[in-house]
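Everything on this sheet refers to the single structure shown next.
The values are calculated or read from the model by the stated rules, or taken from the named source; none is laboratory data. Owing to the predicted nature of the structure, the values given are computational and were not obtained by experimental measurement. Glycine gets a Cβ as well: all are built from the backbone with ideal geometry, and neighbour counts include every protein chain shown. Accessible surface areas use protein heavy atoms only, side chains included; no ligands, DNA or RNA. Shrake-Rupley method; radii C 1.70, N 1.55, O 1.52, S 1.80 Å.
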Amino acid sequence: MPTTWNRSPEDFHWIYLANTDAFYRLYGIKLAPELDEFVTKCAVSLWSKDSAVTQAHVDMANQIYSRNRTKPNWRLWILTSAVQASNVFLPPDFYWTLAETDARRGTEDSRTFIRMMTNILLYLAAVDNDVTFSEAEYITECVDKLTAICDTNGVKKTREALNPFDYVSSRVDEKLLISDKNI
């Protein structure tokens with residue numbers, strides 16, 4: 001895994017702002033509450049796929065907020081509970097509108113959004129200095145579901161997002177180990 005993925009929480013916040021500010025220039029800051037909530041839900045679900053929640057995860061979760069928004073105040077026990085109760089990935093409501101708008105205008109902002117989310121999720125996966133196979137699977141699931149919305153709406157194809165499996169740093173697929181033990 002490239003060492004550039006592992007960042008301090010404050011560095012991640014600047015990366016988050018750089019990615020989301022570009023989105024807000026197109027669609028307005030009014031989407032900030034929805035986008036921050038969506039990214040937080042994705043982070044929680046991502047972290048449920050792998051290791052135990054640590055203070056590093058809490059510190060990172062507290063950096064998921066847009067400009068001029070209140071900084072979250074996650075605590076370890078609250079984040080741990082949220083991770084344990086996390087659900088499957090569901091695209092946000094605003095994304096459907098974004099893809100429909102792209103289809104009408106012939107633009108590709110919804111596909112740019114996929115690349116933005118992939119970048120953010122890879123940074124969040126690397127919070128513990130490791131991007132696992134399970135985390136890469138989750139990020140790929142997110143990308144596939146968002147891409148399906150674009151494809152269904154007829155949004156023109158553009159440059160693809162990063163492949164999360166290219167950043168897996170764990171050498172062993174835990175699912176294969178579990179299935180091998182059962183043989």
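Side notes on the structure shown:
- Probe 1.4 Å, all protein chains present, accessible-area order of Lys157, Lys71, largest first: Lys157, Lys71
- Quotient of C-alpha Rg and 2.2 N^0.38 Å, computed over the chain: 1.04
- Shown for the chain are the DSSP H helices of 15 Å or more along their axis, judged by Cα atoms, with a mean Kyte-Doolittle hydropathy of at least -0.5: 9-27, 32-48, 109-125, 133-153.
- Portion, in percent, of the accessible area of the chain that falls on carbon or sulfur, probe 1.4 Å: 53 percent
- If the segment from Asp166 to Arg115 were pulled out straight at 0.36 nm per residue, it would be longer than the present Cα-Cα gap by 16.9 nm.
- Estimated 222 nm signal from helices in the chain, with DSSP H stretches of n ≥ 4 weighted -39500 (n - 2.57), rounded to 500: -19500 deg cm²/dmol
- Considering only Val88, Pro9, Thr152, and ranking their Cα positions along the charge dipole of the chain that arises from unit charges at the beta-carbon of Lys, Arg, Asp and Glu, the one farthest toward the positive end is Thr152.
- When the surface is traced with a 1.4 Å probe over the full set of protein chains, Leu90 keeps roughly 120 Å² accessible.
- Close lysine pairs were tallied over the chain: pairs 8 or more places apart or on different chains with Cα atoms under 29 Å apart number 19.
- Those residues of segment 89-125 whose amide nitrogen sits under 13 Å from the label point placed on Arg25, 7 Å along Cα→Cβ: none
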